[in-house]
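This is the structure, below, for whatever I ask next.
The values are calculated or read from the model by the stated rules, or taken from the named source; none is laboratory data. Since the structure is predicted, the reported quantities are computational estimates derived from the model, not experimental observations. Cβ atoms come from the backbone with ideal geometry, glycine included; neighbour counts cover every protein chain shown.
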Protein chains: 2
Amino acid sequence: MTPETVAAKLPPADVLSDQCPSREVLNRMTTKWGVLVLLVLYTGTHRFAQLRRRIGGVSERMLAQTLQQLEGVGMIDRRAFEVVPPHVEYSLTPLGREAAARVAALTGWIEANLPALVQSRAASDM
Amino acid sequence: MTPETVAAKLPPADVLSDQCPSREVLNRMTTKWGVLVLLVLYTGTHRFAQLRRRIGGVSERMLAQTLQQLEGVGMIDRRAFEVVPPHVEYSLTPLGREAAARVAALTGWIEANLPALVQSRAASDM
């Protein structure tokens, strides 16, 4: 089957079904690090080391795995430059930019509402 | 410290910092099941068993843990009814509704763009 016929045969997408491929896309985007990678790349192209510095707490291994997962669903473009020393740049595809916009809306909301969210947590820990 | 003074002392929120409390809120919301729980409760109040039926693949244990995590950041209201047989209802708080709206925008986008996302995956698996 070509990718086109795969797409044509899909039933209506439903992330609530564990049989629907949309669930896997959701899981790849909403890993602990996937959200943050999309968020940083939304601000522009980054090299691997730059991404790693920008995202507090991510390990080299988890960052590499996250980038691969997002590349696999067509959200990230990986470009290797055959220069000395060689380097690799990551950027969002048009699809990735659309996804990242939704992620940025979510993280922006969390940041803007953090005082209320932290109060709730403090109250529930009492 | 009261919750109010905790909130007043926060530096600007930044999910990219692993020291910022917003990172923990993000992690609780974007677990494998957190996103789906918010999405279902966005459609209305549910009992535990109803939630479990609605979310394909979730175990009783993971659902209970996810509900607790979201309750802990003030997004979910848990009401126990002392009737025979006793039952518990879960609904979104006003804060939870705002969060769920962002989550629904993200999952709606994935569902609407699934053909393109699946084509990318099929192409990258070749």
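Every residue in region A:54-67 that is within 12 Å of chain B (Cβ to nearest Cβ) and either surrounded by 16 or more Cβ atoms within 10 Å (Cβ to Cβ) or under 18 Å from A:P21 (Cβ atoms) (or both), please.
A:R54, A:I55, A:V58 - these are the residues of region A:54-67 that are within 12 Å of chain B (Cβ to nearest Cβ) and either surrounded by 16 or more Cβ atoms within 10 Å (Cβ to Cβ) or under 18 Å from A:P21 (Cβ atoms) (or both).
Still on this structure, I have one more. Among B:R78, B:R97, which is the only one that is surrounded by 14 or more Cβ atoms within 10 Å (Cβ to Cβ) and under 16 Å from the mean Cα position of the chain (by Cα)?
Details: B:R78 fails: surrounded by 14 or more Cβ atoms within 10 Å (Cβ to Cβ).
Answer to the selection: B:R97.
Testing B:Y42 on (1) touching a residue at least 24 places away in the same chain (Cβ under 8 Å); (2) of a type in the set (S, T, Y); (3) over 26 Å from A:Q119 (Cβ atoms); (4) surrounded by fewer than 19 Cβ atoms within 10 Å (Cβ to Cβ), one condition comes back false. Which one is that?
(3)
Quick check on my filter: what residues within region B:27-59 are more than 21 Å from A:E24 (Cβ to Cβ) and part of a loop (DSSP other than H, G, I, E, B)?
B:Y42, B:T43, B:G44, B:T45
Let me ask another. Within region A:70-88, is there a residue that is in contact (Cβ under 8 Å) with a residue 40 or more places away in the chain, within 17 Å of A:L26 (Cα to Cα) and facing chain B (nearest Cβ under 7 Å)?
Looking for residues that are in contact (Cβ under 8 Å) with a residue 40 or more places away in the chain, within 17 Å of A:L26 (Cα to Cα) and facing chain B (nearest Cβ under 7 Å), one finds at least one in region A:70-88, hence yes.
If you don't mind, there's one more thing I want to ask. Return only the number of the condition from (1) under 24 Å from A:D18 (Cα atoms); (2) of a type in the set (S, T, N, Q); (3) touching a residue at least 12 places away in the same chain (Cβ under 8 Å) that B:Q50 does not satisfy.
Result: B:Q50 passes all but (3).
Please specify each residue of region B:61-78 satisfying the condition of being at pLDDT below 95 and more than 13 Å from B:G34 (Cα to Cα).
Correct list: B:G74 only.
Of the residues that sit in region A:79-93 and are at pLDDT 95 or above and not charged (D, E, K, R), which one is farthest from A:V40 (Cα to Cα)?
Taking the candidates together, the pick is A:T93.
A:P21: modelled with pLDDT under 95, within 28 Å of B:T43 (Cα to Cα) and at the interface with chain B (Cβ under 7 Å from one of its Cβ atoms), yes or no? Quick ask: steps written out before the conclusion?
Working: modelled with pLDDT under 95: yes; within 28 Å of B:T43 (Cα to Cα): yes; at the interface with chain B (Cβ under 7 Å from one of its Cβ atoms): yes.
Spelling it out, A:P21 is indeed modelled with pLDDT under 95, within 28 Å of B:T43 (Cα to Cα) and at the interface with chain B (Cβ under 7 Å from one of its Cβ atoms).
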